[in-house]
1. Considering only DSSP beta bridges whose two residues both sit in chain B, what percent are antiparallel, to the nearest 5?
2. Give a quick list of GluC sites (Glu not before Pro) in segment B:56-105 that DSSP marks as loop, anything other than H, G, I, E or B, with at most 10 other Cβ atoms within 10 Å.
3. Using only the alpha-carbon atoms, how far is helix B:40-60 inclined from the longest principal axis of chain B? Give it as 0 to 90 degrees, nearest 10.
4. With both bridge residues required to lie in the protein assembly as shown, what share of the DSSP beta bridges run antiparallel, to the nearest 5%?
5. What list of ³J(HN,Hα) couplings, whole Hz, do you get for segment B:265-271 from phi and the Karplus terms 6.51, -1.76, 1.60, once you set θ to phi - 60° and write x for glycine and proline?
6. Along segment B:29-37, what does the Karplus equation 6.51 cos²θ - 1.76 cosθ + 1.60 (θ = phi - 60°) give for ³J(HN,Hα), rounded to whole Hz, x for Gly and Pro?
7. For B:Thr157, what residues show an amide H to amide H distance below 5 Å, using hydrogens built from the backbone and excluding near sequence neighbours?
8. Could you state the angle between the C-alpha long axis of helix B:161-171 and the longest principal axis of the C-alpha atoms of chain B, as a value from 0 to 90 degrees rounded to the nearest 10?
Amino acid sequence: MAYSDKVLDHYNNPRNIGSLDKNAADVGTGVVGAPECGDVMRLQIKVNEQGVIEDAKFKTFGCGSAIASSSLATEWVKGRTVEQALQIKNVDIVQELALPPVKVHCSVLAEDAIRAALADYQKKQQAQATGAPGASDAADAARHGG
Amino acid sequence: MKNPIYLDYQATTPLDERVLDAMLPYFRDKFGNAASRNHAFGWEAEKAVETARGQIAALIGADAKEIVFTSGATESNNLAIKGVAEMYREKGRHFISAPTEHKAVLDPLKRLEQEGATVTLLPVDKTGQVALADLEKAIRPDTVLVSLMAANNEIGTLHPLEAIGKLCKARGVLFHTDATQGVGKIPIDVERMGIDLLSLSGHKVYGPKGVGALYVRRRNPRVRLSPQLDGGGHERGMRSGTLNVPGIVGLGKACEIAGAELASETVRLTNLRERFLAKLRGSLDEIYLNGHPTERLPGNLNVSFAFVEGEGLMMGMSELAVSSGSACTSASLEPSYVLRAIGVGEDLAHTSIRFGLGRFTTEAEVDFAAERVIAAVKRLREMSPLYEMAKEGIDISQVKWSPTEH
């Protein structure tokens, strides 16, 4: 299968590889996929006080298209607000990277990763607002209990 | 050094120049139909075909009369399995094979099953071999055929053909082996090994594509087959169709060369393979050899590089032509069924790469390839969340993942 130039570019020069402190209150972490499926993406965002995503990092186990999709996702979320980041759709990623039909699932996974990271961040924020120490478990318990 | 480096010799092999030279006259002046009995053109073609028959028979310890030409190993397997099933229907309809066989064996068996036959697939151990005790237990009074491959195309594991053949003979069951990967690579002797039917292919032995053969035993016992192609009654009635003379000449020459070079190539390729593996192991942790450590094709290495997905890895070493057991490389979404059958978890199956070494592989190529693999694996592990988790001491298999349905 021939890869598009953009996939090759992201694969060869991935943007924003790395890790953020997953325990920090201003960091949201999303891990999606499974090793048995051949794809695992971890996408992290760091949100500033204005609600703008000022940093994003990823690590991905997967094919070139999965790596490119997550690399592109980190590029796109940076500088957006949480609400704006939620607007990113997998079809946009498909279009930008010219993914063939068999690789569409990579873009879906990248969208899922963005959403999971945003949800994790919002959960932490809620936990903080209700006075809990910012642990997501506490937030979970609070929500389920309430 | 040529780039990319071809390391996919189990997929196909380049045509040997000596084979091409032998074939060329049969595309030009010597174009006769081997079935033309009345003029020199036909005689010339027939003579060439008979020479090839002898060359192929010599490589596997058979008689020239026992070689039936086909279009390739897929056809040979179909003819052996379906031809025996039809011919011996009165005797029984039970077949024995293994889950690691090529689809060209499994799918004909599946078809027989749909038509009312019973198929037993023997369990294989983690190296890919069947246990003789299991085979012995599986044989029933109505068993007509055991089909077990000589060497596996993905993991290179060899089956103990002689022991299997002896057992089949003792129990009066026919033994077919798909020797597509084994012929010309490992010593094969149909007499000593008690093989009744054997499939082989031209393009896996540095011969042309589109030609193969089926060995059909003529005595002790005389194996009979129902033809699967009806027509002019070529090949003693077992396979009608005008013979592919240039292809057959090439297959014959390829077998002659393979036989002459088998001993020295076995040593050379085994050394290259072990050199390659030693280099990988010297620089990378968490890599796993799939298949048997020693009972394997000299030119086959199948390795799982934990935490690095196979297709992503191949993309990172585009100077190498290899293949992967990862789902992403094939039309199906499942990872390799062979790796699954030998108990390799799906997570590790996705990280497997098959390296196929062959006649034209050099030491310099192997060294270069090892360097490229090591660099690509290291780079991708730095990008892998799984590698990071493993280094933090997290047991990946205990993590609750959220597989998404796509």
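1. Taking every DSSP beta bridge with both residues in chain B, the antiparallel ones total about 60 percent.
2. Answer in residue order: B:Glu90.
3. 50 degrees
4. 70 percent
5. Along segment B:265-271, the couplings run 5, 4, 5, 4, 6, 4, 4 Hz.
6. Ordered by residue, 3J(HN,Hα) equals 5, 8, 8, x, 8, 4, 8, 7, 8 Hz.
7. Correct list: B:Asn152, B:His292, B:Leu297.
8. The answer is roughly 50 degrees.
The values are calculated or read from the model by the stated rules, or taken from the named source; none is laboratory data. Keep in mind it's a predicted model, so treat the numbers as computed, not measured. No Cβ is skipped: glycine too gets one built from the backbone with ideal geometry, and neighbour counts run over all protein chains shown. Note: accessible area is taken over every heavy atom of the protein model, side chains too, but ligands, DNA and RNA are not part of it. Shrake-Rupley method; radii C 1.70, N 1.55, O 1.52, S 1.80 Å.
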